[in-house]
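Contents: one structure, followed by commentary.
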Amino acid sequence: MHELGIVFHIIDTVEQVGRENGVTQVRCVTLDVGQVSGIEDPYLMDCWRWAADRSEMLRGARLQIEPVHAVTLCDACGKTYDTVPQGRTCPYCGSGDTHLLQGNACSIREIEAR
């Protein structure tokens, strides 16, 4: 379950940003989570509830997850397409010369604090 490691990293980052900005209590953390990031939202939420309550700054803080749609670019024809239904093969020209533009990352979008 790599979600626990991700949550620990998020908490460390939020606490560091909070200390730098004089924050005493975080109310909500919003994450952008890519559709093909490999992160399972229910596991992430379970890990968050467990780990955030062990942090004085994040105790009781909500975690909000915003999905990021996966989009692939075909280098052969220059078109973009939905990654999940098509995979690596371009539906327009059949090329496998493609790369993911978005949808495989996890990042902190917003920290709501008091």
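Values quoted throughout were computed directly from the atomic coordinates according to the rules given, and no laboratory measurement underlies them. Just so it is clear, the model here is predicted, and its values are computed rather than measured. Cβ sites come from the backbone with ideal geometry, for glycine too, and all protein chains shown count toward neighbours.
Principal-axis analysis of the Cα atoms of the chain puts helix 41-52 at an angle of about 20° to the longest axis. Counting neighbouring beta carbons within 10 Å and listing from fewest to most, the residues Leu100, Leu44, Leu63 come out as Leu100, Leu63, Leu44.
Taking other Cβ atoms within 10 Å as a rough exposure proxy, Ser37, Ser95 sort from fewest to most as Ser95, Ser37. Its Cα centre serving as origin, the chain has a Cβ charge dipole (Lys and Arg +1, Asp and Glu -1) of approximately 180 debye.
The chymotrypsin sites (Phe, Trp or Tyr not before Pro) of the range 1-103 meeting both criteria, a DSSP state outside H, G, I, E and B (loop) and at most 14 other C-beta atoms within 10 angstrom of the site's C-beta, are Tyr92.
Under a model in which nothing but the beta-carbon of Lys, Arg (+1) and Asp, Glu (-1) is charged, the range 22-73 shows a dipole of about 220 debye around its Cα centre. Annotation: for a label point projected 7 angstrom from Cα along Cα→Cβ of Val84, residues of the range 94-112 with backbone N closer than 18 Å are 100-107.
Taking every DSSP helix (H) stretch of at least 4 residues in the chain, weighting each as -39,500 (n - 2.57) and dividing the sum by the residue count yields a mean residue ellipticity at 222 nm of -9000 deg cm²/dmol.
Size check on the chain: the Cα extents along the three principal axes, sorted descending, read 54, 27, 17 Å. With contacts taken as Cα pairs under 8 Å and at least 6 residues apart, the chain reaches a relative contact order of 35 percent. Calculated translational diffusion coefficient of the range 5-45 (25 °C, 0.890 mPa s; Stokes-Einstein with Kirkwood radius over alpha-carbon pairs) equals 211 µm²/s. Beta bridges assigned by DSSP with both partners in the chain are antiparallel in approximately 65 percent of cases. Exposure proxy for Asp12, Asp32: other Cβ atoms within 10 Å of each Cβ, ordered fewest to most, give Asp12, Asp32. Annotation for the range 1-104: trypsin sites (Lys or Arg not before Pro) lying in DSSP loop with at most 15 further Cβ atoms inside 10 Å of their Cβ are Arg54, Arg59, Lys79, Arg88. Positive end of the dipole of the chain (Cβ unit charges, origin at the Cα centre): among Val68, His2, Asn21, the Cα lying farthest that way belongs to Asn21. The angle between the Cα long axis of helix 3-20 and the longest principal axis of the Cα atoms of the chain comes to about 60 degrees, rounded to the nearest 10.
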